[in-house]
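> First, the structure itself, so that you have it in front of you.
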């Protein structure tokens with residue numbers, strides 16, 4: 001065993017990295033699966049299933065008519081920040097009938113990204129509420145579909161009635177660098193909270 005060899009030679013085995021659990025949450029069809037997939041260093045675990053006629057009248061596809069599949073449990077991805085720190089990303093399901101899983105997914109989460117679609121901002125009100133009530137620090141990431149951001153961050157903040165200490169970041173969940181910048185904003189928020 002590697003550990004016993006290290007003891008025999010008097011050298012310490014390398015310490016396991018600290019892990020941080022981050023949730024990527026938001027309403028149905030806002031881009032959570034896309035964000036996890038764009039930024040994860042591993043092939044993400046996805047629990048997507050095709051949309052079927054069973055969802056007719058239940059799932060609101062207004063504005064996302066092209067959507068063909070949905071997350072039914074979670075998405076999972078990983079990002080190694082350094083030898084000492086690894087982020088585990090858990091994408092929540094967006095459909096209301098699967099929201100009961102959010103409580104379990106939130107256990108042990110250090111922070112969250114609330115992803116919103118400005119075409120349907122009301123689909124993310126429940127996510128903002130969820131993290132505010134549980135006092136889990138979060139950033140709001142405004143996913144600019146087709147690279148468009150028709151509203152400035154201050155307008156988004158006002159429409160969601162967000163406190164001044166909640167960062168609002170404009171992003172494109174399809175782009176790795178953009179998703180990375182959202183996670184950096186969240187880490188900055190978590191570090192600032194730990195220092196206070």
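> Can you pull out every residue in region 126-146 that is assigned to a helix (DSSP H, G or I), modelled with pLDDT of 85 or more and surrounded by 16 or more Cβ atoms within 10 Å (Cβ to Cβ)?
126, 127, 128, 130, 131
> Here is a further query. Restricting attention to region 145-163, does a residue exist that is in contact (Cβ under 8 Å) with a residue 60 or more places away in the chain and under 13 Å from the mean Cα position of the chain (by Cα)?
Keep residues of region 145-163 that are in contact (Cβ under 8 Å) with a residue 60 or more places away in the chain, which gives 145.
Of the ones still in play, those that are also under 13 Å from the mean Cα position of the chain (by Cα) are none.
No: zero hits.
> Would you confirm whether or not region 177-195 contains a residue that is within 19 Å of residue 22 (Cα to Cα) and part of a strand (DSSP E or B)?
No.
To keep it simple, each residue is scored yes or no on (1) under 27 Å from residue 185 (Cβ atoms); (2) touching a strand residue (DSSP E or B) at 6+ places or on another chain (Cβ under 6 Å); (3) surrounded by 15 or more Cβ atoms within 10 Å (Cβ to Cβ); (4) modelled with pLDDT of 90 or more.
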{"site": "8", "(1), (2), (3), (4)": "no, no, no, no"}
{"site": "32", "(1), (2), (3), (4)": "yes, yes, yes, yes"}
{"site": "45", "(1), (2), (3), (4)": "yes, yes, yes, no"}
{"site": "79", "(1), (2), (3), (4)": "yes, yes, yes, yes"}
{"site": "91", "(1), (2), (3), (4)": "yes, yes, yes, yes"}
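> Residue pairs, Cβ under 8 Å, 6 or more apart or interchain, first in region 15-30 and on the phi > 0 side of the Ramachandran plot and assigned to a loop (DSSP other than H, G, I, E, B), second at pLDDT below 90 and surrounded by 13 or more Cβ atoms within 10 Å (Cβ to Cβ). List them.
From region 15-30, the pairs are 29/61; 29/63; 29/64; 29/70; 29/94; 29/117; 29/120; 29/123.
> Could you go through region 107-125 and let me know if any residue there is within 22 Å of residue 36 (Cα to Cα), modelled with pLDDT under 90, touching a strand residue (DSSP E or B) at 6+ places or on another chain (Cβ under 7 Å) and assigned to a loop (DSSP other than H, G, I, E, B).
yes
The values are calculated or read from the model by the stated rules, or taken from the named source; none is laboratory data. Bear in mind the structure is a predicted one, so any value in this text is a computation, not a measurement. All Cβ positions, even for glycine, are placed from backbone atoms using ideal geometry, and neighbour counts span all protein chains on display.
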